[in-house]
Amino acid sequence: MLPSIVQAEGYPDVQTFTATYRKAEALVSRYNREMAEWERQRPALKERPPEPKSVRERLRRLQDEGRRQQSQPRRKAVDGDSR
């Protein structure tokens with residue numbers, strides 16, 4: 001069921017989706033840390049907060065990259081005792 005869901009969203013396989021998700025998760029976590037730091041320093045700083053628009057754009061790019069990746073053929077494990 002899960003493979004059909006990720007393929008319906010344009011990803012070649014679950015592994016590609018998972019890798020893309022992890023990259024996106026790291027990007028969002030970094031943005032949240034930057035925002036928290038900015039909030040702590042806000043009275044002293046006159047600069048603008050980290051731009052969420054750029055984070056959204058990077059997330060879209062990650063999604064597009066993941067969807068473009070080709071599915072890698074699965075290799076069957078070879079049992080050394082089968083000879």
Original post:
Are there any pairs, at least 6 apart or on different chains, whose C-beta atoms fall under 8 Å, with the first in the stretch 28-40 and of a type in the set (S, T, Y) and the second surrounded by 12 or more Cβ atoms within 10 Å (Cβ to Cβ), and if so, which?
Top reply: Y31/P50; Y31/V55
Original post:
What tally of residues in the stretch 1-56 results from selecting those that are touching a Leu at 6+ places or on another chain (Cβ under 7 Å) and of a type in the set (S, T, Y)?
Top reply: 1
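Matching residues to (1) over 23 Å from R67 (Cα atoms); (2) among the charged types (D, E, K, R); (3) touching a Gly at 6+ places or on another chain (Cβ under 8 Å):
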{"position": "M1", "(1), (2), (3)": "no, no, no"}
{"position": "A8", "(1), (2), (3)": "no, no, no"}
{"position": "P12", "(1), (2), (3)": "no, no, no"}
{"position": "Q15", "(1), (2), (3)": "no, no, no"}
{"position": "A19", "(1), (2), (3)": "no, no, yes"}
{"position": "L27", "(1), (2), (3)": "no, no, no"}
{"position": "N32", "(1), (2), (3)": "yes, no, no"}
{"position": "W38", "(1), (2), (3)": "yes, no, no"}
{"position": "Q41", "(1), (2), (3)": "yes, no, no"}
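Since every read-out is calculated from the coordinates, none of them should be taken as a lab result. Only a predicted model underlies this, so the values are computations on that prediction, with no experimental measurement involved. Counting neighbours? That spans all protein chains shown, and the Cβs are built from the backbone with ideal geometry, glycine included.
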